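The values are calculated or read from the model by the stated rules, or taken from the named source; none is laboratory data. Quantities reported herein were computed from a predicted structural model and do not represent experimental measurements. With ideal geometry, Cβ positions are generated from the backbone for all residues, glycine too; neighbour counts draw on all protein chains shown.
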């Protein structure tokens with residue numbers, strides 16, 4: 001046993017025997033953020049709002065931050081769970097639970113979204129990373145952080161078209177990303193698990209850690225976060241079913257957002273128009289065309305992609321009529 005293990009032993013043992021409210025609260029915050037993101041994604045997916053959040057960088061970084069927080073907490077929790085020695089049975093039980101949930105997500109999304117099903121999402125990454133991180137539970141934190149940095153940099157240094165094979169997609173080193181609704185490959189995301197492991201090792205070596213370990217949340221809001229943190233897996237598995245079910249019901253009553261519904265047509269219309277006109281003119285022209293088509297049975301054909309050659313002629317005439325009404329920019 002190394003000197004730092006002996007020195008940290010009493011603190012590590014005392015901190016590991018109790019459940020940390022701070023960790024549960026942090027996990028609860030991550031779960032709440034995930035629900036907020038998926039609620040917004042569902043609104044966008046069902047066209048209940050005009051905004052397409054996948055096209056907004058801030059939303060993409062928000063999603064990455066949520067995934068990163070779960071992975072760092074997974075690494076930190078791994079250190080806590082085995083601070084007094086590796087426990088095979090609890091580890092295997094947790095691994096089977098997370099791995100089984102990951103498999104369930106793959107099967108469910110395969111039937112729901114066959115062209116973009118989740119084959120290596122956040123749960124898959126947590127399960128695989130839990131196994132890969134085991135050797136690092138006894139390594140010096142500085143070495144762990146160094147390897148974490150290499151993992152984070154790997155997609156920039158090692159990306160190659162030779163790694164684009166589907167059976168290698170879990171690595172995250174291909175030249176192009178696969179089509180999937182949740183993609184959390186080993187590189188760079190395993191690096192965040194290692195950061196969590198290193199942070200856990202460093203914290204358990206300090207006597208001040210007992211203050212954090214012994215902190216107890218107060219108030220209803222904190223207790224709700226603790227509950228959510230302790231039930232994070234079932235919440236993850238069920239929240240989208242509930243959200244999509246409720247919002248689909250809203251969609252049947254309220255209908256889609258008019259601008260979101262028209263977005264594909266507007267994009268195609270403006271792209272064609274821009275070859276001969278200015279952007280402002282094209283936006284006005286295409287908006288007018290959409291409103292004209294809405295008053296005609298043609299609009300439903302446009303949305304479903306079932307227009308005939310005759311329908312296309314009628315659409316062109318509607319656009320020409322709008323063009324005559326559009327003032328020059």
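For (1) surrounded by 13 or more Cβ atoms within 10 Å (Cβ to Cβ); (2) more than 25 Å from residue 234 (Cα to Cα), each residue gets a yes or a no:
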position: 69; (1), (2): yes, no
position: 83; (1), (2): yes, yes
position: 101; (1), (2): yes, no
position: 107; (1), (2): no, no
position: 118; (1), (2): yes, no
position: 143; (1), (2): no, yes
position: 158; (1), (2): yes, yes
position: 163; (1), (2): yes, yes
position: 166; (1), (2): no, yes
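In the set 106, 144, which member is within 25 Å of residue 177 (Cβ to Cβ), in the same structural domain as residue 189 (by TED's automatic domain parsing) and modelled with pLDDT of 95 or more? If you could, list the steps in order and put the result at the bottom.
Numbers: 144 fails: within 25 Å of residue 177 (Cβ to Cβ).
When all the criteria are applied, what remains is 106.
Residue by residue, here is whether (1) at pLDDT 85 or above; (2) within 28 Å of residue 44 (Cβ to Cβ) holds:
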site	(1), (2)
268	yes, yes
293	yes, yes
300	no, yes
305	no, yes
316	yes, no
327	no, no
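Please work out which one of (1) under 19 Å from the mean Cα position of the chain (by Cα); (2) within 20 Å of residue 60 (Cα to Cα); (3) without any contact (Cβ under 8 Å) to a residue 12 or more places away in the chain is the condition residue 103 fails and give its number.
The number of the failed condition is (2).
Can you spot a residue in the range 88-99 that is over 21 Å from residue 198 (Cα atoms), more than 19 Å from the chain's Cα centre (by Cα), surrounded by fewer than 18 Cβ atoms within 10 Å (Cβ to Cβ) and in contact (Cβ under 8 Å) with a residue 60 or more places away in the chain?
yes
Checking the structure you have, find out if any residue of the range 224-233 is over 28 Å from residue 130 (Cβ atoms) and assigned to a loop (DSSP other than H, G, I, E, B).
Step one: list which residues in the range 224-233 are over 28 Å from residue 130 (Cβ atoms), which gives none.
So far as the range 224-233 goes, no, none of its residues is over 28 Å from residue 130 (Cβ atoms) and assigned to a loop (DSSP other than H, G, I, E, B).
Do we have residue 227 as in contact (Cβ under 8 Å) with a residue 12 or more places away in the chain and under 24 Å from residue 98 (Cα atoms) here?
On the way: in contact (Cβ under 8 Å) with a residue 12 or more places away in the chain: yes; under 24 Å from residue 98 (Cα atoms): yes.
Considered against the rule, which asks whether it is in contact (Cβ under 8 Å) with a residue 12 or more places away in the chain and under 24 Å from residue 98 (Cα atoms), residue 227 comes out as yes.
Scanning the range 267-287 for residues that are in contact with a helix residue (DSSP H, G or I) (Cβ under 6 Å, 6 or more places away or on another chain) and crowded, with 18+ Cβ neighbours inside 10 Å, which turns out nearest to residue 322 (Cα to Cα)? Talk me through it step by step, then tell me what you get.
Of the residues in the range 267-287, the ones in contact with a helix residue (DSSP H, G or I) (Cβ under 6 Å, 6 or more places away or on another chain) are 269-270, 273-274, 282, 285-286.
From what is left, the residues that are crowded, with 18+ Cβ neighbours inside 10 Å are 269, 273, 282, 285-286.
Values: 269: 13, 273: 12, 282: 10, 285: 6, 286: 8 Å.
That would be 285.
For the range 261-278, give me the residue count where each residue is assigned to a helix (DSSP H, G or I) and touching a residue at least 12 places away in the same chain (Cβ under 8 Å).
Step one: filter the range 261-278 for residues assigned to a helix (DSSP H, G or I), giving 261-273.
Next, from what is left, pick out any that are touching a residue at least 12 places away in the same chain (Cβ under 8 Å): 261-263, 265-266, 269-270, 273.
So the answer is 8.
Could you list all residues from the range 285-326 that are in a loop (DSSP other than H, G, I, E, B) and without any contact (Cβ under 8 Å) to a residue 24 or more places away in the chain? Break it down stepwise before answering.
Going residue by residue through the range 285-326, those that are in a loop (DSSP other than H, G, I, E, B) are 295-297, 305-308, 326.
Within the range 285-326, 295, 296, 297, 305, 306, 307, 308 meet the criteria.
Hey, among the residues in the range 162-176 that are closer than 21 Å to residue 132 by Cβ and in a loop (DSSP other than H, G, I, E, B), which one's nearest to the chain's Cα centre (by Cα)?
So, considering only residues that are closer than 21 Å to residue 132 by Cβ and in a loop (DSSP other than H, G, I, E, B), the one nearest to the chain's Cα centre (by Cα) is 172.
Within the range 243-257, how many residues are part of a helix (DSSP H, G or I) and either surrounded by 14 or more Cβ atoms within 10 Å (Cβ to Cβ) or in contact (Cβ under 8 Å) with a residue 12 or more places away in the chain (or both)?
Kept after step one, since they are part of a helix (DSSP H, G or I), are these residues of the range 243-257: 243-254.
In the following step, the residues that additionally are either surrounded by 14 or more Cβ atoms within 10 Å (Cβ to Cβ) or in contact (Cβ under 8 Å) with a residue 12 or more places away in the chain (or both) were identified as 243-244, 247-248, 250-251, 254.
Result for the range 243-257: 7.
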